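The values are calculated or read from the model by the stated rules, or taken from the named source; none is laboratory data. What you are looking at is a predicted structure, and each value in this text was computed from that prediction instead of being measured. Positions of Cβ are generated from backbone atoms using ideal geometry, with glycine treated the same way; all protein chains shown enter the neighbour counts. Side chains included, ligands, DNA and RNA excluded: accessible areas come from the protein's heavy atoms. Shrake-Rupley method; radii C 1.70, N 1.55, O 1.52, S 1.80 Å.
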Amino acid sequence: MSPEELAFLALALIAIVTGTLALLVRELIHTIVWIGVFFVDLAALYFLLLAPFLGVLQLGVYAGAVTILLLFGIMVTRKRIFSRDAATGITTVPVALAVVAFIFLLIALPEFPQGELTVRSYDPSLLSQNLFGPGGPWLLLLGLVMLSALIGAIYLVREGRE
Amino acid sequence: MDFSTLPIIPITLGTLAVGTVLTFASGRWARWVALATSVVFLLEIGLMFLGYTGWPGRSSTLVPQFGEYQSYPWISLSWLQINFTVGIDGISLILILLTGFLQIATVVYTWNETKRPAAWFGLVLMTCLGSFGVFVSLDILLFFLFWEAVLVPMFFIIGYWGGPNRRYAALKFFVYTHVASIVMLIGLLALVFYSGASSFDFSSIYSAARGLTGIVPVVLFLSLFFGFGVKFPIVPFHTWLPDAHVEAPTGGSVLLAGLLLKLGGYGLIRWAVIILPTTLTQVDPILFFVAFLSIVWGAVLSLSQRDLKRMIAYSSINHMGIVLLAISLNSALGLTAAVLLMFAHGVVSALLFMGAGTFHHTYGTRDIPSVGGINSRTPILASLIMIGSLASLGLPALISFPAEFAALLATWDGLTYLVLIPLIGLVVTAAFYIWMMQRVLFGPPKGIPSDAHDVPPAEGLGMGMLAALAVIFGVLPFLLVNVITMSPITGWHG
Amino acid sequence: MDLSILFGWAFLVPLLPALAFVIIGIWGQRLGRLEHGGWIAVLLSGAAMVLGVLIAVGEMLSPNSYTDVSYTWFHVSASGPFANGVSFVVGTLVDPISALMLIVVTVVGFLVMLYSVGYMHHDEGLPRYYALLSLFLTAMLGVVLADNLLEFFLFWELVGVCSYFLIGFYWRKPSASSAAKEAFLVTRIGDVMFLLGIFIYFSVYAMTGPNGGWAANGFLFVHGSTSFIPIGASGNSTLLTVAGLMLLGGAAGKSAQFPLDVWLPDAMEGPTTVSALIHAATMVAAGVYLLVVGSIFLGGYTSIVLFAIVAVGGFTTFYAATMAVVNTDIKRVIAYSTISQLGYMVLAVGAGFALVGLYHLFTHAFFKALLFLAAGAIIHTIVTQDLFRMGGLAKKMRYTSIAFLIGALALSGIPPFAGFWSKDDVLASVYSQLGAHPEYWPFFILAFVTVFLTAYYIFRVYFLAFSGERTRDASLPEAHEVPWVMLVPMMVLAGFAVVAGLFVFVPSFGSLFTGVPGLATNVPPSYGPTDLVLSAISVTLAGAGIVLAWVLWGNGRVYELPAGSPAHSIRNLLLARYHVKAAYDWVGMVGMYTVARAADFFDRFVIDGAVKGFERSFRSMSDSMRRIQTGLVSDYAAYVVAGIIAVFVLLLFVAPYLASVFGGG
Amino acid sequence: MTTLAITGFLALSFALFAIAIFGILTRRNFILLLVSLEIGMNAAILNFVYFAALAPANTGSTSGLSGQSIAVVLIGFAATEIAVGLAIVLALNRSKGSINVADSTTLRS
């Protein structure tokens, strides 16, 4: 077993555990902690896949911005930071549905290519060229979406709205 | 000038559409715009007659046997070709003529509409635009678009300008005809795909459908029959009609009876009978049964109605039953008679509904037993109702007579003694019209308000036009018949 | 002088009154100085009369000529069974019988029109009256001149509608509009039968075109030649029997034969002039004329049809006469007598002597018009139709009483008045068939007894109205003689009533009857020994009737039935018209209307109820479906996931299974 | 050069996706819902990066870049989503006084 595989297994285990914990803990602030770990863990996976640009992006956007935003969300809606989430609602049917979905996905596994994968690395400059390049103006699109989302968000939270 | 080179049908569609939009937009001038559009439409119909390539001596090389045939590619897929194909033959020409006449008559009749006039005249024009489109479309998609386009304005006409129970009636009308449309669309699409036609064009379906055998064409025909039949309407899918007529405003009733019912007849001829003539001979017992049922049921129910409009509505069912009968006979005489009768019924029922409308707002009711002797106060209205009734019961020298005579002769030719059923229907038809006339027009004055005036000029002009048409074409039916028989009816049935 | 050049212009005869219709119809109210169009109508019908009589004379001068001018009304092109297409033609056919009818219709029409100028002077709506009367004349002339069954039917219907409006002329009276409705509907029943008959004749006789298809001109009676279709030419006697019966039905409707006779007595609601026209020259004559035309141009009738015609005619003759015996309304008595006399005509057609029926129609037209006009003169001056309020009018209305007397004598069949010749001819014709057809006996006897009844009831009217010293009802207006516009037509008609029966002995006029090939003819009557005996008996019977009438009603007497006599119930039955009218009313108004109401109930509550039930069930279904819309985001997410899983199941398990079952992919 | 088992990566993203579904279906707190959504998004992004790496080596240097490009865009979308989600949280909190989705079952307040 190569070091890469070992690393992958460890990272995968951490991702699953932190993801699950983030949803199961009673304290909302703990959720933020676990989900931050989860994001960092995924960034590490991207590095493992020789996609350092994405890894950095993941660290910046997810582990940084998203986590902070979620934290803000908790802070403005709660009087106390440390408060428990009362409604858990773990009933049979949703859990069963999630399990069935997982089983179906697993059933579909043999349909994909099997075997080993040789990971290639790309020059990040090529990636940025591609983002504006022949595949379409991805970043432009993203910018438009973000702008409209910004306007929508401002509309939603503006003062005096019923 | 050789008008046959002019793409007159697209031009007409364009002017009608522009006229409709302008009418909607023109506020208090809407009625003038609508009138101008109607006049232009009539002129264009005149051009169609002039340029019609089906006339003898003018060899029509256009495929397949249509005059004024234009086709432009519309949607091209690798497996399917949809064209913007329009064309006319004698059958459509006659019904287009009816559309033009009814359009101008309705606009004139409702000249003094005060409730949102721009919207009213726009919807009237839109209905006529849709009908015109149905009559000229030779492509399934185009046909269906226009077919549905007629429903929308009629829905609003009934639902906004209608009587007290208008919402129910409008919804009932819409649901009924829409369900039928869906069945019809499925039938038409199935026709294309089962026959393996290369495009949605009438001509390619027409030639491809010859190859259909077995149960498939029967099912297709019956679904088309149902789809078009609800518009007829056929018993027992007729109950939307009396409700719609009773609640609809007068102009709406005119268009409903005059044009919308004809769409069903036209569609049945164009897309079912001509395309699947051999199938018709397999399923015609069903059609005959339905036609006889409609004839008898319509006539008997008319007899028992107290509401003038409801009575006329049921008599429409009776007349359209005769049309259906004539179509199902699958003979040149029957088809000719059916088209002629559709024209006749369009004019006559429109006249009668206008009369009923004027009657309603002159006397404040449409209840037959509660008003009598109106001939003494409003002789012009009485005369117009009289002309309409007499034409409807098939008086010679009025328009229905040659049509009904030919239809019944064709029935005798096809079904021999079963012709007794429509003949008895004729007696009952005469009975309810004559009885109505005795009760409403004649006798001592009864239930007449003190401020009752005779027909207002605009309404009188609208009705007068139709009455004149009923007389002109009743005395000179060959004007119409020559056009109808110009279309390759015989070629399709030879 | 060659008048046959006029035959091509025969279409002008109906067009002249039609012109009057248009002129009066459009400018009626402005024609005040011309009696609201009355004089225009008189003028144009007079022109039509001149032209019509000239054409008839031309036909007499060139006997046995058939001149057909036809135009295509509309044409349906050929296909399938219509090897030549179908032509619907209109045209004029001038032949002996139409020439005869031209005389009857135009002369009587013109005289009635002239009489109207005086009679209708005080009425409202005169333009309508003259316009409709002109159209009525046009329609009847169209029937007479029609050269094919379609055109015949077209004008036949027009006759019906004109009579509808004229009977309902006083439309403010409920009884008048009711009578008009009745006339239209009852004749409509006959019309529909006629229509079926037309179809059958068309399909039997027109199937002669190439390829066994219909001939293009299948409706024509004759086309380009005088060849007639002999009966049995088609070999399809069942169809022809049905067709003949249908034709009889049509004729019975228009000519008021039993059982379609109920409308005619009620048609008295119209102006008396209209009654005169209907009863003499137009409406009712059309039915008999149809039967005559049928026996000439449509190959005659099969024996079943002939017997049916005899039965209907013979029975109606007697049936109507009995009702005339007791009636107290002067116009109604004459109306019943019309039905009775029409029965004679139909009887003659049934016996195989169609031309004898036509002969009686010819003479009857004049004396019946005369009787009506004279009755109209009475009504005009004393404004009542009740016989028991009249009396003693002979002194004050000398000319009218003479005219009525001539008409009564002609009707009773007293020689040498017109009615004697034709009625005796009818009886003789039937009698000549008794040997071959013993089943005709009862109807012959009925017809013979009717001679007595006829003389009795018409002289009952005459004595009640004219004899005696004074009017029974003193409150009536003073009677006086009518103006010349009314007297002149009566005088002319009286002249015809005297001599019309003798016309046939003039050879050129007689050629109208003898010029029709292929028909048994007994016109003019040949007086062999048997015929003389028959005539003697019938004249004796008529005389006995007159004497009885004099004894009971003459000189101001009024006969009262003895109290408690069983005759009372018979009299009530006759006055109630054998309850036939009540039965019609019951069937029409109660029976049909009940059925219609029941159908309406079915329509509203069963058919439409099913629709509404559908709607309700959909609504309840949607109500139950609505409950899964909790508004909880997680639930919707669960539905989405469940849906995706369902799609997976379909794709991974169901689709491969179906593919394995049905094969293919 | 790094070599890794294909199946393992797929199993990882599937597992993360299942966790996300579980969270979406069971959590009532709006912030937790957002967290679940982010876990699901990350599972998807991981797949994109992974399949970008899967592109065959011999088909040119940039053939796998589309996957990474989409991943970049998706990360941007995720950030947007959180921003809008947060706005909704604030709006909800103001109008309902709670960010429990069970308390807001109608679209209109």
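Numbers for the structure displayed
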{"read-out": "Per residue accessible area in Å² of segment D:3-103, where ligands, DNA and RNA are left out and the probe is 1.4 Å", "value": "28 Å²"}
{"read-out": "Peptides C:355-367, C:384-396, A:120-132 ordered by average Cβ neighbours within 10 Å, highest first", "value": "C:355-367, C:384-396, A:120-132"}
{"read-out": "Accessible surface of A:Phe72 - all protein chains present, 1.4 Å probe, nearest 10 Å²", "value": "110 Å²"}
{"read-out": "Value of [θ]222 nm, deg cm²/dmol, for the protein assembly as shown, DSSP H segments ≥ 4, -39500 (n - 2.57) each, nearest 500", "value": "-22500 deg cm²/dmol"}
{"read-out": "A:Arg26 versus C:Ser622: modelled label distance in nm, points set 7 Å from Cα along the beta carbon direction", "value": "4.7 nm"}
{"read-out": "J(HN,Hα) series, segment D:94-100, from Karplus relation 6.51 cos²θ - 1.76 cosθ + 1.60, nearest Hz, glycine and proline x", "value": "6, 7, 10, x, 7, 10, 7"}
{"read-out": "Charge-dipole axis of chain C as Lys and Arg at +1 and Asp and Glu at -1 on Cβ define it, positive-most pick from C:Leu195, C:Val346, C:Ala655", "value": "C:Ala655"}
{"read-out": "Neighbouring partner chain Cβ atoms per residue of A:145-154, average, 10 Å criterion", "value": "4"}
{"read-out": "Per principal axis, descending, Cα span of segment A:1-108 in whole Å", "value": "48, 35, 19"}
{"read-out": "Peptide B:390-403, shielding by other chains (average Cβ, 10 Å cutoff)", "value": "3"}
{"read-out": "Note, ³J(HN,Hα) from phi for segment C:309-317, Karplus 6.51, -1.76, 1.60, rounded to Hz, x at Gly and Pro", "value": "5, 4, 5, 4, x, x, 5, 4, 3"}
{"read-out": "Most to least packed among B:211-219, C:310-318 [average Cβ atoms within 10 Å]", "value": "C:310-318, B:211-219"}
{"read-out": "Nitroxide proxy distance, nm - points 7 Å out along Cα→Cβ at A:Leu141 and C:His121", "value": "10.2 nm"}
{"read-out": "Cβ-placed point charges (K, R +1; D, E -1), dipole of the protein assembly as shown about Cα centre in debye, nearest 20", "value": "3120 debye"}
{"read-out": "Helix axis angle, C:593-602 relative to chain C longest principal axis, alpha carbon, degrees", "value": "10 degrees"}
{"read-out": "Residues of type lysines that C:Lys331 reaches as a straight line, Cα spacing below 29 Å, ignoring anything fewer than 8 places off in the same chain", "value": "C:Lys173, C:Lys181, C:Lys254, C:Lys368, C:Lys395, C:Lys396, C:Lys423, C:Lys581"}
{"read-out": "With Cα atoms, 0 to 90° folded angle of helix C:418-433 axis to chain C main axis", "value": "60 degrees"}
{"read-out": "Model label zone, C:Thr630; criterion: amide N under 16 Å from point 7 Å along Cα-to-beta-carbon; scope segment D:76-109", "value": "D:100-107"}
{"read-out": "q = 0.16, 0.18, 0.24 Å⁻¹, segment D:3-103: log10 I(q)/I(0) [Debye, one scatterer per Cα]", "value": "-0.76, -0.88, -1.19"}
{"read-out": "14 Å beta-carbon shell around B:Val290, net charge (K/R +1, D/E -1)", "value": "0"}
{"read-out": "Heavy atoms of C:His579 accessible to a 1.4 Å probe, total area in Å² rounded to 10", "value": "100 Å²"}
{"read-out": "Average beta-carbon neighbours from other chains, 10 Å sphere, peptide B:444-452", "value": "1"}
{"read-out": "Cβ-placed point charges (K, R +1; D, E -1), dipole of chain C about Cα centre in debye, nearest 20", "value": "1280 debye"}
{"read-out": "Top of D:Leu90, D:Leu33, D:Leu46 by mean-square fluctuation, Gaussian network on chain D, Cα under 10 Å", "value": "D:Leu90"}
{"read-out": "Pair A:Leu106, B:Val39: separation of 7 Å Cα→Cβ label points (nm)", "value": "8.2 nm"}
{"read-out": "Environment charge at C:Phe448 (Cβ cut-off 13 Å; Lys +1, Arg +1, Asp -1, Glu -1)", "value": "0"}
{"read-out": "Within segment D:1-44, backbone nitrogen closer than 14 Å to the virtual label 7 Å beyond the Cα of A:Glu116 toward Cβ", "value": "D:1-7"}
{"read-out": "Most to least accessible of C:Glu59, B:Glu247, A:Glu4, A:Glu111 (protein chains only, probe 1.4 Å)", "value": "A:Glu111, A:Glu4, B:Glu247, C:Glu59"}
{"read-out": "Most to least packed among C:166-173, C:416-423, B:186-193 [average Cβ atoms within 10 Å]", "value": "C:416-423, C:166-173, B:186-193"}
{"read-out": "Size of charge dipole - segment B:237-371 - debye, nearest 20, with Cβ of Lys, Arg +1 and Asp, Glu -1, no other charges", "value": "120 debye"}
{"read-out": "Residue-span extension gain [C:Leu61 to C:Ala659] - 0.36 nm each, minus C-alpha spacing", "value": "205.9 nm"}
{"read-out": "FRET efficiency estimate (nearest 0.05) - Cβ-Cβ, B:Ile380 to B:Ile472, R0 22 angstrom", "value": "0.70"}
{"read-out": "Qualifying lysines (Cα of each under 17 Å from Cα of B:Lys231; at least 8 residues distant if same chain)", "value": "B:Lys172, B:Lys262"}
{"read-out": "D versus A: buried accessible surface, summed, Å² (probe 1.4 Å, to nearest 100)", "value": "7300 Å²"}
{"read-out": "For the protein assembly as shown, the Rg and Dmax computed from alpha carbons only, in angstrom", "value": "44.3, 150"}
{"read-out": "Extension gain from B:Trp79 to B:Lys115, taking 0.36 nm per residue of separation minus the Cα-Cα distance", "value": "8.0 nm"}
{"read-out": "The protein assembly as shown, accessible surface, carbon-and-sulfur percent (1.4 angstrom probe)", "value": "70 percent"}
{"read-out": "Selected from C:Ala598, A:Ala44, C:Ala646, residue furthest toward positive end of dipole (the protein assembly as shown; charges at beta carbon)", "value": "C:Ala598"}
